[in-house]
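The values are calculated or read from the model by the stated rules, or taken from the named source; none is laboratory data. No experiment lies behind these values; they were computed from the predicted model shown. When we count neighbours, we look across all protein chains shown, and the Cβ atoms used for this are built from the backbone with ideal geometry, even at glycine.
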Amino acid sequence: MRGLGKTRRTRHGEFTRRLLAAGVGAAAVAAVLSAPAQAHGPSGHGPNGAKPPHWELKDSGTDARFRGLAAVSRGTAWLAGARGTVLRTTDGGANWRNVSPPGAAGLEFRDVEAFDGRRAVVLAIGEGEASRILRTEDGGATWTESFRNTDARAFYDCMTFFDRRHGLAMSDPVDGKFRILSTGDGGRSWKVLPAAGMPAAQQGEAGFAAGGQCLVSAGPRDVWLATGGAARARVLHSSDRGLTWTAADTPVPAGDPARGVFALAFRDRTHGIAVGGDYRADRSSPEAAAVSGDGGRTWTTATTPPPAYRSGVTWLPHSRTAALAVGPTGTDLTTNGGRTWRTLDAGSYDTVDCAPDLSCWGSGEKGRVARLER
């Protein structure tokens, strides 16, 4: 979308893993996270001197803004961001290796999807040939460009993978409809899907390339697309890997190019969370979160939404009720499936992702990257 300086998945720390390994359920983990600060004493520490759950900043060694993030595990994560920058860590963020593709300094990476510590796909945004997809199979030592947009009307925003082979990428509307790219070989090649099954876009409607979560999937075939910039903020859903779509209005405020749904998270094909608002710092963002319990067919405003615009959201793995949302003014937690939210941290993050081993990472402006710790 031509906004957000637009020049713009769903995988919690070692403490969580230990709790679960000890037989403590995900609901109890969420309870630990949501415990009021008073329970930790005046110093902010617990009764045994332990710190409450918090983001631990890591030194990325750069000031690039990272809107693309893929959490593989507690030890391994990928970052993709401004000036064609791609970083990878395999030691929990103690060291970051610059694995940026050669000649990519002029590109703006806004999404990265990683299958492991060696295989990853990155998406660059922009009009015409600025929109590209590159893939690595050797941890970023070498890269192959697998897609370059040649249509001046297209502007790609984000991508998602159903598994290691099948994935989609989306562009803002071309000829009145969102354009979908598809891969069946892990991102080695891409093709544009037919537009016949895509509903017509509203005037001014587009996606936000804000944190790699305007296109998300759950399971082998279901995928959702978030929109804004038009009269109504919508979520589009496909149950056949992008061939046919249905559109649903959300209560997230829209009616302006800077407003809408910026990020989605689905923990299964039924339960979803949408966050967004107005990305301009001088504008308020009331009702900037919504929930769905029917696969995105209908959406309900959060009873207590995050206090400001949020650009990233993810479910905590193995939890049916807990999720994190992030944005420039903080991190929020829900423990009831998105109905109410409570702020955990005031630091700035653009996106958030949790890995299957329960480790969570966040990234954002000025090289900011952190892992959630206990």
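A quick yes/no check of all residues on (1) over 21 Å from Arg110 (Cβ atoms); (2) aliphatic (A, V, I, L, M):
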| residue | (1), (2) |
| --- | --- |
| Ala152 | no, yes |
| Tyr156 | no, no |
| Ala169 | no, yes |
| Ser182 | no, no |
| Trp190 | no, no |
| Ala195 | yes, yes |
| Phe208 | no, no |
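Mind counting the residues in region 152-194 that are surrounded by fewer than 16 Cβ atoms within 10 Å (Cβ to Cβ), closer than 26 Å to Gly228 by Cα and not hydrophobic (A, V, I, L, M, F, W, C)?
Counting residues in region 152-194 that are surrounded by fewer than 16 Cβ atoms within 10 Å (Cβ to Cβ), closer than 26 Å to Gly228 by Cα and not hydrophobic (A, V, I, L, M, F, W, C) gives 5.
Return the pair list, or none, for Cβ contacts closer than 7 Å from residues in region 99-112 that are of a type in the set (Ser, Thr, Tyr) to residues that are not in a strand (DSSP E or B), at least 6 apart or on different chains.
Ser100/Gly84; Ser100/Thr85
Taking the condition under 19 Å from the mean Cα position of the chain (by Cα) and surrounded by fewer than 24 Cβ atoms within 10 Å (Cβ to Cβ), does Arg269 pass?
yes
Cβ-Cβ distance below 6 Å, separation of 6 or more or different chains: which pairs start in region 337-363 with a residue that is closer than 20 Å to His271 by Cα and end on one that is among the aromatic types (Phe, Trp, Tyr) and part of a strand (DSSP E or B)?
Once the first residue is closer than 20 Å to His271 by Cα and sits in region 337-363, its partners that are among the aromatic types (Phe, Trp, Tyr) and part of a strand (DSSP E or B) give Asp353/Trp361.
Of all residues in region 122-148 being in a strand (DSSP E or B) and more than 19 Å from Arg83 (Cβ to Cβ), which is farthest from the chain's Cα centre (by Cα)?
Taking the candidates together, the pick is Thr144.
Among Thr76, Thr144, Thr90, which is the only one that is surrounded by 21 or more Cβ atoms within 10 Å (Cβ to Cβ), at pLDDT 95 or above and not small (Gly, Ala, Ser)?
Going through Thr76, Thr144, Thr90 in turn, the sole match is Thr76.
Scan region 101-115 residue by residue and report those that are surrounded by fewer than 24 Cβ atoms within 10 Å (Cβ to Cβ) and within 14 Å of Gly139 (Cβ to Cβ).
Selection gives Pro101, Phe115.
Search region 166-196 for residues being touching a strand residue (DSSP E or B) at 6+ places or on another chain (Cβ under 8 Å), in a loop (DSSP other than H, G, I, E, B) and not charged (D, E, K, R), and hand back the single one that is farthest from Gly68 (Cα to Cα).
Among residues in region 166-196 that are touching a strand residue (DSSP E or B) at 6+ places or on another chain (Cβ under 8 Å), in a loop (DSSP other than H, G, I, E, B) and not charged (D, E, K, R), the one farthest from Gly68 (Cα to Cα) is Ala195.
Which one of these does Asn149 not meet: (1) of a type in the set (S, T, N, Q); (2) under 26 Å from Val352 (Cα atoms); (3) surrounded by 23 or more Cβ atoms within 10 Å (Cβ to Cβ)?
So Asn149 meets the others, but not (2).
What pairs can you find where one residue is in region 297-323 and on the phi > 0 side of the Ramachandran plot and at pLDDT below 95, the other is buried (at least 23 other Cβ atoms within 10 Å of the Cβ) and part of a loop (DSSP other than H, G, I, E, B), and their Cβ atoms are less than 9 Å apart, with a gap of 6+ or different chains?
His318/Leu358
Is one or more of the residues making up region 355-368 buried (at least 24 other Cβ atoms within 10 Å of the Cβ), of a type in the set (S, T, N, Q) and under 20 Å from Trp224 (Cβ atoms)?
The answer is no, given that none of the residues of region 355-368 is buried (at least 24 other Cβ atoms within 10 Å of the Cβ), of a type in the set (S, T, N, Q) and under 20 Å from Trp224 (Cβ atoms).
Assess whether Val261 counts as being crowded, with 24+ Cβ neighbours inside 10 Å and assigned to a loop (DSSP other than H, G, I, E, B).
no
Answer with yes or no whether Ser217 is modelled with pLDDT of 95 or more, of a type in the set (Ser, Thr, Tyr) and in contact with an Asp or Glu (Cβ under 8 Å, 6 or more places away or on another chain).
Against the criterion (modelled with pLDDT of 95 or more, of a type in the set (Ser, Thr, Tyr) and in contact with an Asp or Glu (Cβ under 8 Å, 6 or more places away or on another chain)), Ser217 does not qualify.
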